[in-house]
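See structure below.
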Amino acid sequence: MSAALSRVVIAGGGSAGWMAAAALSQALAGTGIAIALVESEEIGTVGVGEATIPPIHGFNQMIGVDETEFVKATRGTFKLGIEFVDWHRRGDRYFHPFGRYGDDFGLVPFHQQWLAARAEGDPTPLGAYSLSTLAAMHGRFGLPQGGGNSVFATYGYAYHFDAGLYAAYLRRLSEARGVVRHEGKIAGTHRDPATGHVTAVQLDDGRRIEGDLFLDCTGFRGLLIGEAMGVAYQDWSHWLPANRAIAVPTATAGPPTPYTRSTARDAGWQWRIPLQHRIGNGHVFCDGFTSAGEAEALLLANLDAAPIGEPRHLRFTTGRRETPWAGNVVAVGLASGFLEPLESTSLHLIQSAITLLLQWFPDRSFDPAVRAEYNRLATREWDTIRDFLILHYIATERDDTPFWRHCRAITPPDSLAEKMALFARTGRLLAREGDLFMDASWLAVLLGQGVVPQGHDALAAGIPPEHRRKILAAMRKVIADTAAQLPPHETTIGRQFRAG
């Protein structure tokens, strides 16, 4: 029987490093495994991951975070989904809500009943059956009430928050649980000549921080997974061509909306993320279709308020490591890859890597089968998110700029092409193993991007049209009435979550 690990070293801080430290310090309490984190105050963080998706609830619960304390500490707001503007065509907008649409009835999923009603002449949009959509569009938010049979069972939410404040909050939590922080820059690594495993990271002042398991949270640099372990990077630019981003904060501009906004631009898209104390803004673009100067000017011309900081320029290559775990090194966050924040998955991929590592936590033997299963599950999730992001670009009618004409000509991965084709014919959604985004998300984006099914499930005919109309009308009323009764988003924050 192999011995347990005694030391874990987290190389790098920021959101990835301190999320890992918080989770490991909670999960490994009482095991005797020491946790060290190495970071340098001189090295900045990317810090644009301010919007999240609902699985963050589970992560925060796992690490013992109180919701009220967390939202206050990070100056957070609540998020019911993402509004997409000008993606299908100029002048169009649609909403990707958290939660689900309606309730299933009959022998088919709810959306098949909606498609049947649509074929019978009912023009009601699918969003009328989403509590999250109606609440968001009216600026309302309340914490879910009632049990599993309540309309709130269809309602999901996440957060907007300051990623730097989140990292600082988790640092305090982690250090209180015994995580030891070492200030310094990593200058290199030491490796076991027999196994190839990393034995220590060398700091620029000569100190060596030794460990058994190393988490690479060094960002795009990938100092351990890339430079030390030599794991190759899969470039996905042929599917997702954006390679630059500019981020700039502005002052608040009225009550914060309970949703993120993504607005398509001539060579990319612009994000808007409202926090309590500011609005996070950014422009993701491809420098093959516009210059950095033009992209910055476009961003600054389309802000709701005056900037309160200088624009920060970032370069990236969309893709992922061939394997995020090599030897005794596990890449977390940007060291493992990058997917643009179009669907707010950046922080999710950090928490997912950490959660998966705890499910497949190694001992000193570093069993290759454990590592292989981790890599299979981790890369599968990256690939399914990749497909979802590609959908936004290729399913569009926009041909008004060279960038959008380029996107329309992209050949999607087979996994995405099959999913789109089946939905276009029948309205059926192929479920892929490991899909992060469930049917409601695919429905929102497919329909929002103009992929409208030609038919629907024949079993929907088991419900007579008149009966279907009555059920749908009753459902709409409950959802609309509930949305109208929710307090304004700003009121909910002020009552319980306002930062001091």
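Rounded to the nearest whole Å³, what is the per residue volume of the convex hull around the Cα atoms of region 196-262? Could you put the intermediate results ahead of the total?
Numbers: hull volume 14.2 nm³, N = 67.
Looking at region 196-262, the number lands at 213 Å³ per residue.
Looking only at the chain, where both bridge partners belong to it, what percent of the DSSP beta bridges are antiparallel (to the nearest 5)?
Values: 51 of 71 bridges.
Given both bridge residues lie in the chain, the antiparallel proportion sits at roughly 70 percent.
From Cα pairs below 8 angstrom and at least 6 apart in sequence, can you work out the relative contact order of the chain, rounded to a whole percent? List each step's numbers first, then the result.
Numbers: 977 pairs, mean separation 115.2, N = 500.
Value for the chain: 23 percent.
Which value at 222 nm does the chain reach when only helices count, each DSSP H run of 4 or more adding -39,500 (n - 2.57), with the total divided by all residues and rounded to the nearest 500 deg cm²/dmol? Kindly include the intermediate steps, with their values, before the conclusion.
Numbers: 14 runs with 164 residues, N = 500.
Theoretical 222 nm ellipticity from helices: -10000 deg cm²/dmol.
R0 = 60 Å: FRET efficiency of Asn302 with Ala34, Cβ-based, nearest 0.05?
Values: r = 49 Å, r/R0 = 0.82.
Plugging the Cβ-Cβ distance into 1/(1 + (r/R0)^6) gives 0.75.
Measure nothing fancy, just the Cα-based angle from helix 163-176's long axis to the longest principal axis of the chain, in degrees from 0 to 90, nearest 10.
The helix 163-176 is inclined about 50 degrees to the chain.
On a straight-distance basis, which lysines could pair with Lys79 in a cross-link, Cα separation under 24 angstrom, same-chain partners fewer than 8 positions away excluded?
Output for Lys79: Lys477.
Please work out the FRET efficiency for the pair Thr124 and Leu377, using the Cβ-Cβ distance as r and a Förster radius of 30 Å; give the result to the nearest 0.05. Present the calculation step by step, with values, prior to reporting the outcome.
Details: r = 39 Å, r/R0 = 1.31.
After rounding, the FRET efficiency stands at 0.15.
If I take every Cα pair under 8 Å that is 6 or more residues apart in region 50-203, average their sequence separation and divide by the length, what percent do I get for the relative contact order? Walk me through the numbers before you get to the answer.
On the way: 179 pairs, mean separation 44.1, N = 154.
The value is 29 percent.
Taking the 0 to 90 degree range and rounding to the nearest ten, how far is the long axis of helix 414-426 tilted relative to the main principal axis of the chain, both from C-alpha atoms?
Taking Cα atoms only, the helix is inclined about 20 degrees.
Under the rule of at least 5 residues apart or a separate chain, name every residue whose amide H is placed under 5 Å from the amide H of Arg265.
It is Gln270, by chain and number.
Provide the gained length on full extension for the span Ala3 to Gln234, in nm with one decimal, where the gain is 0.36 nm per separating residue minus the Cα-Cα distance. Present the calculation step by step, with values, prior to reporting the outcome.
Details: separation 231, 0.36 × 231 = 83.16 nm, distance 3.45 nm.
Between Ala3 and Gln234, full extension yields an extra 79.7 nm.
At a Förster radius of 56 Å, what calculated FRET efficiency corresponds to the Cβ-Cβ distance of Arg364 and His406, to the nearest 0.05?
Values: r = 50 Å, r/R0 = 0.89.
In this case the efficiency is close to 0.65.
Please work out the Cα convex hull volume for region 244-315 and give it in Å³ per residue.
75
Which entry in (i) 270; (ii) 168; (iii) 159 is this structure's computed volume of the Cα convex hull per residue in Å³?
(iii)
So what is the relative contact order of region 244-315, in percent, for Cα pairs below 8 Å that sit 6 or more residues apart? Can you show the working numbers first?
Numbers: 132 pairs, mean separation 32.3, N = 72.
So the answer I get is 45 percent.
Taking the 0 to 90 degree range and rounding to the nearest ten, how far is the long axis of helix 346-359 tilted relative to the main principal axis of the chain, both from C-alpha atoms?
Long axis of 346-359 versus the principal axis of the chain: about 60 degrees.
Compute the semi-axes of the equivalent ellipsoid of region 383-430, taking the square root of 5 times each eigenvalue of the Cα gyration tensor, and list them largest first in whole Å. Write down the numbers at each step before the final one.
Working: eigenvalues 86, 31, 12 Å².
Three semi-axes, in Å: 21, 13, 8.
Can you give the extra length, in nm with one decimal, that the chain gains between Thr317 and Arg208 once fully stretched, where that is 0.36 nm per residue apart less the Cα-Cα distance? Can you show the working numbers first?
Values: separation 109, 0.36 × 109 = 39.24 nm, distance 3.14 nm.
Gain in length upon complete extension: 36.1 nm.
Throughout, read-outs are computed from the coordinates displayed, never taken from laboratory work. Since the structure is predicted, the reported quantities are computational estimates derived from the model, not experimental observations. Please note: Cβ atoms are built from the backbone with ideal geometry, for glycine as well, and neighbour counts cover all protein chains shown.
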